[in-house]
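Presented below is the structure to which this report refers.
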Amino acid sequence: MRYVERYGIDLRLGSKLVAVDGPARVATFERAGADGAVERTEERFDMLHVCPPQVAPAVIAASPLAGAGGFVDVDPATLAHPRFANVFAVGDVAGTSNAKTAAAARKMAPVAAANVLALLDGDRPAAAYDGYGSCPLTVERGRIVLAEFGYGGTLTPSFPRWLLDGTRPTRLAWQLKSRLLPWLYWNAMLKGREWLAAPAAHPGRGA
Ligand SMILES: Cc1cc2nc3c(=O)[nH]c(=O)nc-3n(C[C@H](O)[C@H](O)[C@H](O)COP(=O)(O)OP(=O)(O)OC[C@H]3O[C@@H](n4cnc5c(N)ncnc54)[C@H](O)[C@@H]3O)c2cc1C
């Protein structure tokens, strides 16, 4: 919020972009008031930067795999489908409430792998996903807030706070994001070598 103030951002939470008239440079927003009545407003813009709503691919949303929101219906911990026992989902397409990030997919993959192997052995799920996601918030050149959190907003820092405080903007987080993580993603995650994302044991299975 200090950055919002420093940059003079007119923050209007709860506003939904519903239409854009490109040639006229007018964006239309809807916002529900305290009484629930929806107010429509038009804003002129010089530049519009839009994040589209997150939706599942049509092929998934229209399939029996989909849950209510269109994403693959899975148990939030085991990542197993509740109706199709041999189906697991990881990444953005999984219908879990974590922040949809590559960092989340990185932690989900070993959990799903462990549980697929357990299933193939005729066993119960062995591993649980805690909802970990990581959102590197670039607040200025050279400083990032490396926000890491799990289900329910629980802080899940990868580093001790004295080294890297994930609740504040730091230069170290910038270095990590710009230098170390690309190397890690390419040489470890995408090559299937992952020594920093060991799956946690499922609570029902003990340590
Ligand atoms: C601008 C931006 C910045 C981001 N920054 C970060 C960040 O800093 N850190 C971070 O951790 N995450 C970040 N993310 C999120 C991250 O990119 C995603 O969470 C991650 O890519 C999800 O991986 P995925 O494999 O689940 O899905 P995807 O990467 O979306 O892969 C799905 C693949 O399936 C393919 N596909 C779709 N339909 C079909 C079909 N019918 N048949 C065959 N193939 C199909 C798609 O083409 C795609 O290649 C960012 C995302 C965006 C958009």
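No lab work stands behind these numbers, since they all come straight from the coordinates. All values derive from a computational prediction rather than experimental measurement. For neighbour counting, all protein chains shown are included, and Cβ atoms are generated from backbone atoms with ideal geometry for every residue, glycine included.
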Handout entry: Residue identified as outside any loop (DSSP other than H, G, I, E, B) and more than 25 Å from P110 (Cα to Cα) among L163, L137, L176
Key = L137
Exercise for the section: Name the residue, out of R124, R161, that is touching a residue at least 40 places away in the same chain (Cβ under 8 Å) and among the charged types (D, E, K, R). Expected result: R124
Practice task
Please verify whether the range 117-133 includes one or more residues that are within 12 Å of the ligand (Cβ to nearest atom) and either crowded, with 16+ Cβ neighbours inside 10 Å or polar (S, T, N, Q) (or both).
Solution key: yes
Practice task
Check whether at least one residue in the range 80-103 is within 20 Å of W195 (Cα to Cα) and in contact (Cβ under 8 Å) with a residue 60 or more places away in the chain, and report yes or no.
Solution key: yes
Exercise for the section: Could you list all residues from the range 179-205 that are surrounded by fewer than 15 Cβ atoms within 10 Å (Cβ to Cβ) and among the charged types (D, E, K, R)? Expected result: R179, K191, R193, R205
